[in-house]
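Q: Before we start, here is the structure in question, set down as structure tokens.
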């Protein structure tokens, strides 16, 4: 099976309009098959190379918090951060989320991409299409929307009126959040960190895309505001 995906096919594989199907918020609760062999990261540090997994997922201080080390040996290696041949055909700087394969690609120069493992929305909580990263936040506050609070009244203490859930290691948005807008409107779809590393590679969220906290910190530093996003 080819390891690249033509731009024409890729664009045919999505519905450009936003498909909002019950998306509520980020809370624990067709794309052609592509065969990409895991690629070992190179043991150097720059914009186009990555450090070894042990360093990549080590304990680290981040502002007022200490990110715990990730037991990466217990995660399927395909979902660990690595450099791969770009299968998307998108322009460098574009974020592409393949919800079927549970991958997020950051397209780089020279036909390469950084691939991150993700957790995606459960059936019935999904959005797809093109958008932009309208803004980014470090250690964001989490505010469940009204429809989620209606289903789970115990979350009312985190409502907007009550100031939301303060940043921290247990916050569902994790260490960073990137907010996706489409045509000037908030899609309610986020790329964000998660304290639940074991959910990576699964359908486990209420719609948003979760990354390991160390990975979302890495993505945050590489991606500017207004970066293009494609979710398929």
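Q: Among the residues in the stretch 209-231, are any farther than 17 Å from residue 106 by Cα, crowded, with 19+ Cβ neighbours inside 10 Å and within 16 Å of the chain's Cα centre (by Cα)? I'd like the intermediate steps shown before the answer.
A: Step one: filter the stretch 209-231 for residues farther than 17 Å from residue 106 by Cα, giving none.
No, the stretch 209-231 has no match at all.
Q: Can you tell me which residue in the stretch 36-68 is nearest to the chain's Cα centre (by Cα), limited to those that are surrounded by 13 or more Cβ atoms within 10 Å (Cβ to Cβ), modelled with pLDDT of 95 or more and in a loop (DSSP other than H, G, I, E, B)?
A: Filtering first and then ranking leaves 57.
Q: Determine, yes or no, whether residue 174 is at pLDDT 95 or above, touching a helix residue (DSSP H, G or I) at 6+ places or on another chain (Cβ under 6 Å), more than 16 Å from residue 232 (Cα to Cα) and part of a loop (DSSP other than H, G, I, E, B). Before the answer, list the steps.
A: On the way: at pLDDT 95 or above: yes; touching a helix residue (DSSP H, G or I) at 6+ places or on another chain (Cβ under 6 Å): yes; more than 16 Å from residue 232 (Cα to Cα): yes; part of a loop (DSSP other than H, G, I, E, B): yes.
So residue 174 fits the description; yes.
Q: Looking at residue 83, is it surrounded by fewer than 20 Cβ atoms within 10 Å (Cβ to Cβ) and either touching a strand residue (DSSP E or B) at 6+ places or on another chain (Cβ under 6 Å) or part of a strand (DSSP E or B) (or both)?
A: On the way: surrounded by fewer than 20 Cβ atoms within 10 Å (Cβ to Cβ): yes; either touching a strand residue (DSSP E or B) at 6+ places or on another chain (Cβ under 6 Å) or part of a strand (DSSP E or B) (or both): yes.
Taking the combined requirement at face value, the residue satisfies it.
Q: Separate question: In the stretch 126-168, which residues are more than 21 Å from residue 203 (Cα to Cα) and in a loop (DSSP other than H, G, I, E, B)?
A: Result: 139, 140, 141, 143, 159, 163, 164, 166, 167, 168.
The values are calculated or read from the model by the stated rules, or taken from the named source; none is laboratory data. It should be emphasised that the depicted structure is a prediction, and the values quoted were computed from it without experimental measurement. Cβ atoms come from the backbone with ideal geometry, glycine included; neighbour counts cover every protein chain shown.
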